[in-house]
Amino acid sequence: MKILNLIHLTFAQAFYRWALREINPLHPDVPRILLRQQELSDRARRMGAA
């Protein structure tokens with residue numbers, strides 16, 4: 001199960017990095033994307049520490 005979570009985190013982080021490159025910086029969803037990206041990186045860090 002931990003492997004699946006790691007794969008999910010990896011793909012989700014790659015998707016959000018791609019979305020930030022493609023989206024207009026003035027789009028109203030940018031803060032939400034940045035927040036989600038931060039949550040994913042925190043989750044990945046916790047998984048690595050555990």
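Quick notes on this one:
- Taking segment 21-50 as the range and being touching a Leu at 6+ places or on another chain (Cβ under 8 Å) and farther than 18 Å from residue 11 by Cα as the test, only 30 passes.
- Taking residues in segment 24-50 that are without any contact (Cβ under 8 Å) to a residue 60 or more places away in the chain and outside any loop (DSSP other than H, G, I, E, B), and partners anywhere that are of a type in the set (Gly, Ala, Ser) and open to solvent by less than 60 Å² (accessible area, probe 1.4 Å), the pairs with Cβ atoms closer than 6 Å and at least 6 places apart or on different chains are 33/19; 40/12.
- The single condition among (1) open to solvent by 90 Å² or more (accessible area, probe 1.4 Å); (2) part of a helix (DSSP H, G or I) that residue 14 does not satisfy is (1).
The values are calculated or read from the model by the stated rules, or taken from the named source; none is laboratory data. Just so it is clear, the structure is predicted and the values come from calculations on it, not from any experiment. Quick reminder, even Gly has a Cβ in these numbers, built from the backbone with ideal geometry, and neighbours come from all protein chains shown. Quick note on the areas: whole protein, heavy atoms, side chains included, nothing else; ligands and nucleic acids left out. Shrake-Rupley method; radii C 1.70, N 1.55, O 1.52, S 1.80 Å.
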